[in-house]
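The values are calculated or read from the model by the stated rules, or taken from the named source; none is laboratory data. Quick caveat, the model's predicted, so the values are computed rather than measured. In this analysis, Cβ positions are derived from the backbone assuming ideal geometry, glycine residues included, and neighbour counts consider all displayed protein chains. For the accessible areas, the whole protein counts, side chains as well, though only heavy atoms, and no ligand, DNA or RNA atoms are used. Shrake-Rupley method; radii C 1.70, N 1.55, O 1.52, S 1.80 Å.
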Amino acid sequence: MTASTDSPVSPASLRLSVLGMRCAGCVQAVQETLRSVPGVVSAEVNFADHSATVVGEVDVDVLRLAVKDAGYDAAVMESLGDLSAQEEQEQQRYQKLMQQAKVAAALGLPLMVGDHFGWFPVLDSGAGHAFWPWVALLSLAVMYYAGGHYFRGALHTLRLGQANMDTLIALGTGAAWLYSTIAIDFATALPPNAKYAYFEAAVIIIAFVNLGAALEMRARGKTSEAIRQLIGLQPRTARVVRDGQELDVPIETVGLEETLRVRPGEKIPVDGVLLEGHSSVDEAMLTGEAMPVEKQVGDEVVGGTLNQRGTFIYKATRIGRDTVLAQIVDSVRKAQSTKPEIARLVDRIAAVFVPAVVSIAALTFLLWLAFGPTPSLGYAFATSMTVLVIACPCALGLATPISIMVAVGKAAQSGILIRKGDALQSAGKLSCVLLDKTGTVTAGKPTVTSLAGSSGWPDAKVLQWAASLEAGSEHPLAAALVAKARAEDAGLLPVTAFHAVAGHGVGGAIDGKTAWLGNLALMHEQGVECGTFPQHLDDLAAAGQTPVLLAVAGKAVGLVAVADPIKTDSAAAVTRLRELGIRVLMVTGDNPVTARAIAAQAGIDEIRAQVLPQDKARVVRELQEQGEIVAMVGDGINDAPALAQANVGFAIGTGTDIAIESADVVIMQGSLHKVPDTIRLSRLTVKNIQQNLAGAFIYNVLSIPIAAGLLYPFSGLLLNPMIAGAAMAFSSVTVVSNANRLRWL
């Protein structure tokens, strides 16, 4: 196998659209083919959207040729717009399948009706010898046009030593045509009741299979609705300001740091920061919230969101694949392609399913031939063909990925970014949710509520020194102090030797004097003389405020209290978690008194206070050792170790920073309601998967024995091969339709 020398080398991870897959057996064939290509580290194939994710350093053309040699075709998905090309191919495939079904039905239905009413001559008559050869040729031509892809697929998989749905269809319909053709010339050698032609069964089965595949494709296309809607959010053009002129240019030509103008009612082309003007922006696509967000100079805007009123000029900071929208689409696609444990189990079953069915069909033939009534050959052939036709692994292969695709897409539309398929399965099993306090239970935007200084330290001076120390910190308390100082025009003083003590406070030197700002534990560690200040700490903490002390030259000189109110919906979200039977705890580095006050407002009974950021993972581990299945909900920065340790990590995103690698689920806004929403979606999705798998298993467990003739000794009934074809075709449609119910949650 060779490729052109100038072919592009694939990136570490790329996505292929795979054409021609028709069942779960195809998934195994394509996966093994891709994994066998030198340089491929891993390859995962998703039957639900006919895609493959390949990781490794390998020539793109080599991958395509390998897939083609296996009997399929592949195209590289390189940009967001490639989905449109894939949809166009799917639409063409749908139309072709419908056309093939119509042609097969055009011959099969008249043959079936004529046979039912006895319009056709018997095989061993003179008229029969003149009539049936033409039927054989005509049906062969129809089978070649309408079902040739099944026979070609069966040959390809046979060369690879594999078997799939094509194998079953080709064996069943091919055997029916071959038996019928032989019966024309050798009818006299057959028992009277075996003188039967199955031409109508062969073409009707192909008609049903094609119709079922087309309907399945149409229903399956709905599962990508979320991706289509996300991609549709990005405008095709942008209005850039170049050399003082405004120009409308294709979105692909916008460069970094370029200046753009957005007018009322227009979609924002790429991510950026406002330079001039102000407006309100509808960010529902990002957060799931309908309320518009006010934007002023310095605020970030996200590509794909809708500018409602006001005109503004902004600078592009992220373009192409780096935009938030592109990252969301990429994350959703990856999550849709990942396989939770239940899916990997199904893959292993599907890999041996077709060979097992062929073996069952062969055993059925031998049993009927040996023990069946006269004519045993006719019964043996009819039952074994019915077994081959009815047993299709499509429904089994679709059961899990189709539900995951719908659920992940639905979550993304609601501002919940599920980054890993396993999280979707695990979230429904959670027994305990651990909530970080600041920015999770609370608004994360604390404000200074009180200031107090000792003799010689007026409030303004306490604020100035405290804000100067915190100016080098990223803690929310620091932001509150600096904002207060700027609002009161308290100039910040230069700080040297700044350092932060995790979970306790900060220190540095101002005017040559050592200064500390932090909790009582930090003061004790530094041997600070606190005077009467500690008497006020408990009162402030009991009111839900966070008090910190300012110490200069070893003596406490001031007290600052900061309050961070809880989010308006935190209490309601906690109530919902309790109603789901989940234990709720709050973890914080704050003192126990303040922590209890905040927890009481949110309706949380259990707290873990004065926990350092690096110790939050230990709290998660302790709960897991108690047998709890734990979720950690935090801001994704100092909570990263705990998010990684938890069974499911929820990161509260800001809407513009979604790449939080330690989290399994990213909540694109601050609402805690998204946590119970995710848990409920997980439970419903797992239930939907179980329904699909149960339906697929029950279908095969019941249909194969019935097709083999299990009911015949008791009722004299045998399943018609044409009915078997219809049942097989529509089993997949049923699974896809059931999965699509998740779209209406």
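What does the accessible area per residue of segment 507-627 come to in Å², with a 1.4 Å probe and no ligands, DNA or RNA counted?
43
Please arrange Asp538, Asp639 by accessible surface area, largest first, computed with a 1.4 Å probe and ligands excluded.
Largest to smallest exposure gives the sequence Asp538, Asp639.
Share of segment 522-600's accessible area from carbon and sulfur, percent, 1.4 Å?
On segment 522-600, the fraction of accessible area on carbon and sulfur atoms equals 52 percent.
Taking the mean number of other Cβ atoms within 10 Å as a proxy for protection, how do you rank 372-379, 589-596 from highest to lowest?
For the peptides 372-379, 589-596, the packing ranking is 589-596, 372-379.
Between the alpha-carbon centers of segment 536-597 and segment 133-173, tell me the distance in whole angstrom.
70
Lys315: which lysines have alpha carbons under 22 Å from its alpha carbon, excluding same-chain residues fewer than 8 sequence positions away?
In chain and number order, the partners are Lys267, Lys295.
Once you have a ≥ b ≥ c as the square roots of the Cα gyration tensor eigenvalues for segment 543-647, tell me rounded if a/c is under 1.5, and otherwise prolate or oblate according to whether a/b is larger than b/c.
Because a/c hits 1.5 or more and a/b fails to exceed b/c, segment 543-647 counts as oblate.
Amide H to amide H under 5 Å from Lys567: which residues, 5+ apart in sequence or cross-chain, H placed 1.01 Å off N in plane?
Excluding prolines and chain starts, which carry no amide H, the hits are Thr442, Ala443.
Take the alpha-carbon centre of segment 464-485, take the same for segment 252-280, and report the distance between them in whole Å.
Using only Cα atoms to place each centre, the spacing works out to 31 Å.
Name the residues whose placed amide hydrogens come within less than 5 Å of the amide hydrogen of Val557, ignoring near sequence neighbours (fewer than 5 apart) on the same chain.
Leu550, Ala551, Val552
Are any of the pairs Lys96/Lys420; Lys68/Lys687; Lys410/Lys445; Lys410/Lys437 more than 32 Å apart by Cα-Cα distance, and if so, which?
Result: Lys96/Lys420; Lys68/Lys687 exceed 32 Å.
Quick check: at a probe of 1.4 Å, how many percent of the accessible area of segment 443-499 sits on carbon and sulfur atoms?
C and S fraction of accessible area: 54 percent.
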